[in-house]
Every structure is written in C-alpha cells, then in structure tokens.
Amino acid sequence: MKIYTKTGDRGETSLLGGQRVSKDALRIEAYGTVDELNSVLGIARAHKPTAEVDQILGLVQSDLFVLGADLAASGEKRSALAQPIGNEHIARLEATIDSLDTKLPPLTTFIIPGGSPLAAQLHLARTICRRAERLVVRLSKTEPVDSSCTIYLNRLSDMLFVIARYANKVDGVREIPWVSSAKS
C-alpha cells in the first residue's frame, strides 16, 4: 500500500464514512489537534518516565486514537466504532489524578510550567490538550459531538498537569511558584 493517495491534493480529505470535507474544516482541525497531542505525548514518553507514568501515557495515547476516530466519524459511522470514549475512560483519568495527587504537596499558588524535561513536555501537552478541548467545544456548537469527548479532554488536561508535577517530584526538581509582579 502506498503512503500517498493524491486524494487530498486539492485541499479536501475524507471523514470516516467517506464524506469529503475541506482540510481546514473545524472537525479536521479538532481531530488534527488531538493527533498533535498524541505526538507530543510520544515525545514525553521518549524522556523515559517511570514505568507507572509510561503506562498511563501509553493508555492515553491509545485513547486519543479512539477519540480522534470518534471526531473523524460522520453520522452513523460513529456507532460503528468498537469502543468510543466513554465514562470508563473518564473514570480512569479521575482515578489517576486522585492517586498521583496524594503523592504531591498541596498547591498553594500557581506554578510556572517547566522543570524537568519530562515535566516541561507534559505541560506543553496539557496546553495542546486545552486547545483540542476548545476546538471540540466549538465544533459541538455546529455539528454533533459526543459530550464524552469534551469531558475526556478536560480531565486529561487536569491529569497532565498532575503528572507534570509528579514528574518534577520524582526527578527532584523544585516547582517554581508564580509570583505576581503587581505591588499592593
């Protein structure tokens, strides 16, 4: 099978189900951003996280393929997906957040994104996740989108924040608190 098909040379692509749409359509932008997030998580995993974090990120990467397919599916094709993102995926993210959060000092202020290379990459992933969430919310105002997609992305960004903090703790890197430059 050839990697190139030449079917997109005129600025269109196919959704799952065969419907042709412009490559700059909001639906394409939404699932393209989910794909970008998945790639950035791959870079984060290349930083050799703990086995626990690597396993969590691996599951998320698999989920993001499902979520991307969900967003790429038009109409009745969505129901043909084997296991769309749902409550069990969201519950897994919440359980991970709760578990890792117990291993961290409580937040008393905002923190500056960064720290170890892994934590910095996870903070970048978190911001891409938030962008994906905004695009999916915007898409849902004009086209059918299962609400689980938005909820999953919302929880995922929270989880990525917690994992970034956890990565800094494991690597012995101190978090940098944000200090307002405004004087009272």
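Length gained on full extension, residue 174 to residue 48: 43.5 nm, using 0.36 nm per residue less the C-alpha separation.
Across the protein chains, with a 1.4 Å probe defining accessible surface, the residues 152, 31, 166 rank 31, 166, 152 from largest area downward. Spin-label model, residue 25/residue 91: points 7 Å from Cα along the beta carbon direction are separated by 3.4 nm.
Rounded to the nearest 10 square angstrom, residue 110 shows an accessible area of 150 square angstrom against a 1.4 Å probe.
The values are calculated or read from the model by the stated rules, or taken from the named source; none is laboratory data. This structure is a prediction, so every number in the text was calculated from the model and none was measured. Every residue, glycine among them, receives a Cβ derived from its backbone with ideal geometry; neighbour counts consider all protein chains shown. Protein only, heavy atoms only, side chains kept; ligands, DNA and RNA dropped before computing areas. Shrake-Rupley method; radii C 1.70, N 1.55, O 1.52, S 1.80 Å.
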